[in-house]
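Single-structure report; data block below.
The values are calculated or read from the model by the stated rules, or taken from the named source; none is laboratory data. Owing to the predicted nature of the structure, the values given are computational and were not obtained by experimental measurement. Note: ideal-geometry Cβ built from the backbone for every residue, glycine included; neighbour counts use all protein chains shown. All accessible areas refer to the heavy atoms of the entire protein, side chains included, with ligands and DNA or RNA removed. Shrake-Rupley method; radii C 1.70, N 1.55, O 1.52, S 1.80 Å.
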Amino acid sequence: VGPSIVLGLAFVYHYRLRVLADRTELWTQVSALLRQTTDTMCALTGTGLDKGRNAQELHVMIKRLQLGLCRRLYIEEGVALNDALMENLFVVLVCMLNRLPVFLVGKPGTSKTLTMQVIASNLQGKQSPNEFWRRYPSVHIFPYQCSPMSDSHSIQHQFDMAVRYQKHAGDALTVLLLDEVGLAEHSPSMPLKVLHAMLVNPPISIVGVSNWVLDPAKMNRALCLQRPDPSVDDIHKTGFSIMSLDDEGKQALSSFLQPLTQVFHDVYNHQVGRDFIGMRDYYSLIKLLRSELPRHIERLGRAGAFAKFLDLLVYAVCRNFGGKPETFRKVLASFLEKFDKSRHPVPTPVTKLIADNLVSSESRHLMLLTKNGAALQLLFGGGILDPCRTTVLVGSGFEDDQTELHLVKQINEVKLAMLRGDTCVLVNHDNIYEALYDVLNQRYLFKTDRQTGKVKKMLRLAIGSRRPPCPG
């Protein structure tokens, strides 16, 4: 009884709060109320709600329940089961299995999409990799990629398809996934008004993923999980998993990882105005260090190796925290202050950073911010891009260029460029970025050819309910 009541309070109130201090205050008040209970309530001793429970114990109870469920999930190597992922998995799993609509809200890089991937790969009915999940239904996801061009008819159509599938799906569990649902709020046709009826006792599971909260009329009709900003321990745990080296390598790098984590935490949580630095910048920083540092692991104790590490750190920060010169200088100074205050680094030239990014197979896709659209001319004029191996797509605000037909043609050009292995440059093409989320996030699918045995990397290009895979 006790844990059930605590979880009930958690799902209704605790997970909806984004600030950790507010969550702590919630359980402090709950604990204070328990201490004021009557003799009748005292009879609940041993059920989890006895008067001796304090706020910390109630919070620990939730963490223990989350961990007990998430430990039964298979998570691929290099992915950290940190607080963000564990909380996401627990809440979404419980809501999906009970057909409770849920909105998963968090900044980019808080494992929202990864959560759905882990659930889909583990809940496969009788074919589930873990015996525990074989007693549960398999999950079949109907995704819908929301965008400013979404309309209520297409969302309703995807919902109706999912409902029809559920009627004939046997013991399968159908899930309507509204990806980046917050973007649909920018549509002039107000397509999310159809959610008002969908979210009331739905016959299927509904999961909405967004970077920001929707209006109260929708949020109050569903459970909501808002991810707080990550703690230092959470960031450190994630970085340690990303390293994914042998035990000796991790031990040697741990002395560098802790100060890197602390600096990033301070930078991330003290941004002024709209966030420019995100968690993926940290992930990419660690990945770059991971790929370069193993060559020096045996000599990390030597001064020469430490100097090389500082050179690599300057280069890695330049690669991953550029874009705003003033912000970059502060970030670079903050990182170096932890290692060598006397050092006056010389930032890597931007042209070299761009060229290195384009030739690296492990780098993120590149965004160039320049005045008056000067980037394209500089890339070709400086010999960084080969005109024969580059596809340039330019967006516009003309009415005919805003139609779905034109956008589909442009997305098809991106697909053809990927097939040819060309570099694709998008100029002022905000309208198709939503369709390229899997591409920009490098969210690959791996498909094995049965005849040749070769493994192909695939990516999904999404337009509403259509998500055709194509070679990455």
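Partners of residue 193 within straight-line reach, counting lysines whose Cα lies under 22 Å from its Cα and excluding those fewer than 8 residues away in the same chain: 218. The label-point distance for residue 76 and residue 343, in a model that sets each label 7 Å from Cα toward Cβ, rounds to 3.3 nm. Using a probe radius of 1.4 angstrom, the carbon and sulfur fraction of the accessible surface of the range 131-181 is 52%.
Would you mind pulling out the separation of the Cα centroids of the range 376-396 and the range 102-147, in Å? Answer, in whole Å: 39.
Along the range 22-30 the Karplus relation, 6.51 cos²θ - 1.76 cosθ + 1.60 evaluated at θ = phi - 60°, assigns HN-Hα couplings of 5, 5, 5, 5, 4, 6, 5, 5, 4 Hz to successive residues, with x for each Gly and Pro. The modelled label-to-label distance between residue 33 and residue 56, using points 7 Å beyond Cα along the C-beta direction, is 2.3 nm. Here's how it looks for residue 176: its modeled amide H is under 5 Å from those of 142, 205, 206, 207, which are all 5 or more places away or on a different chain.
Note on residue 270: accessible area is roughly 140 Å² with a 1.4 Å probe, heavy atoms of protein only. I want the antiparallel fraction of DSSP beta bridges within the chain, as a percent rounded to 5. Antiparallel bridges: around 25 percent, rounded to the nearest 5. Between residue 24 and residue 194, the FRET efficiency from the beta-carbon distance, with R0 = 51 Å, is close to 0.85.
Annotation: amide H-H contacts under 5 Å for residue 391 (H modelled 1.01 Å from N, sequence separation of 5 or more, or interchain): 423, 424, 425.
Computed on the range 298-399, with alpha-carbon pairs under 8 angstrom and 6+ residues apart, the relative contact order is 19 percent. For the range 74-211, the relative contact order is 29 percent, taking Cα pairs closer than 8 Å that sit 6 or more residues apart in sequence and dividing their mean separation by the residue count. Note on residue 409: no lysines have a C-alpha under 17 Å away, same-chain residues under 8 apart excluded. Loop exposure criterion: GluC sites (Glu not before Pro), DSSP state outside H, G, I, E and B, at most 15 other Cβ atoms within 10 Å. Applied to the chain, the longest stretch between such sites is 78-361. Of the residues 451, 142, 67, the one whose Cα sits farthest towards the positive end of the charge dipole of the chain is 451 (charges of +1 on Lys and Arg Cβ, -1 on Asp and Glu Cβ, taken about the Cα centre).
Electrostatic tally near residue 220: other residues with Cβ closer than 15 Å to its Cβ, Lys and Arg +1, Asp and Glu -1, net +3.
Taking all protein chains into account, the per residue accessible area for the chain stands at 53 Å² (1.4 Å probe).
For the pairs 287/341; 126/447; 308/352; 308/341, flag any whose C-alpha to C-alpha distance is greater than 20 Å.
287/341; 126/447
Please list 13, 437, 74, 144 from largest to smallest accessible area, probe radius 1.4 Å, with all protein chains kept in place.
Correct descending sequence by accessible area is 74, 13, 437, 144.
Amide H contacts for residue 456 (H built 1.01 Å from N in the peptide plane; partners 5 or more residues away or on another chain; cut-off under 5 Å): 447, 448, 449. Summing charges over neighbours of residue 320, with a neighbour being any other residue whose Cβ is under 10 Å away from its Cβ, gives +3 when K and R count +1 and D and E count -1. Considering only 355, 376, 333, whose Cα is most displaced toward the positive end of the charge dipole of the range 313-410, charges sitting on Cβ of Lys, Arg (+1) and Asp, Glu (-1)? Most positive-ward Cα: 333.
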